[in-house]
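The values are calculated or read from the model by the stated rules, or taken from the named source; none is laboratory data. What you see is a predicted model, and the numbers here were worked out from it, not measured in a lab. Using ideal geometry, Cβ is built from the backbone for each residue, glycine included, and neighbour counts are taken over all protein chains shown.
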Amino acid sequence: APLNMAAMRRAAAAMEGEHDWAALCTAPASQATRRTVASIEVRARRHASLPLLGCLCAPSGGGRCELLPPGSCGACGEGGRESGREGEREGEEGEAGEAGPVLELRFTGGGFLRHQVRRMASLIVAVGTGREPEGTVR
């Protein structure tokens, strides 16, 4: 099912600013849980690669990039599609459902608590899939 990118961006925007994150972290009782999240970017990508993981659109277990034309994947160096759709280059943004396999969430802040970011990301995705209502994030 496609993700509701607009709902995810609204949920991310609601998380920006200074909040008490005790409900979304595993911090000792003695640790302060107020943190400031400067920004959260939510983007869907058609293709992406990471230095250590390589091409994220290649089938798990290795193989050729299935999204880009032959020879055009900067990570795997190959590509696998014979005929290309216009506009599907590395890093290009689109709406989820038509964008492909990579959802990028970029968090910026002065410091984060243990498990805070992974739980924030899970909540944003839950809003995008409809498992959680948008009003959950305030």
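General observations
Listed here are the residues, each with its yes/no results for (1) modelled with pLDDT of 90 or more; (2) in a strand (DSSP E or B); (3) closer than 13 Å to residue 106 by Cα; (4) in contact with a Leu (Cβ under 6 Å, 6 or more places away or on another chain).
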position: 11; (1), (2), (3), (4): yes, no, no, no
position: 14; (1), (2), (3), (4): yes, no, no, no
position: 28; (1), (2), (3), (4): no, no, no, no
position: 32; (1), (2), (3), (4): yes, no, no, no
position: 37; (1), (2), (3), (4): yes, yes, yes, no
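- Residue in segment 84-93 that is in a loop (DSSP other than H, G, I, E, B), surrounded by 15 or more Cβ atoms within 10 Å (Cβ to Cβ) and at pLDDT 90 or above present: no
- Within segment 120-135, the only residue that satisfies the criterion of being surrounded by fewer than 16 Cβ atoms within 10 Å (Cβ to Cβ) and either touching a helix residue (DSSP H, G or I) at 6+ places or on another chain (Cβ under 7 Å) or on the phi > 0 side of the Ramachandran plot (or both) is 130.
- Residue in segment 106-115 that is in contact (Cβ under 8 Å) with a residue 24 or more places away in the chain, surrounded by fewer than 16 Cβ atoms within 10 Å (Cβ to Cβ) and under 11 Å from the mean Cα position of the chain (by Cα) present: yes
- Verdict on residue 23 being surrounded by fewer than 19 Cβ atoms within 10 Å (Cβ to Cβ), within 22 Å of residue 131 (Cβ to Cβ), without any contact (Cβ under 8 Å) to a residue 40 or more places away in the chain and not acidic (Asp, Glu): yes
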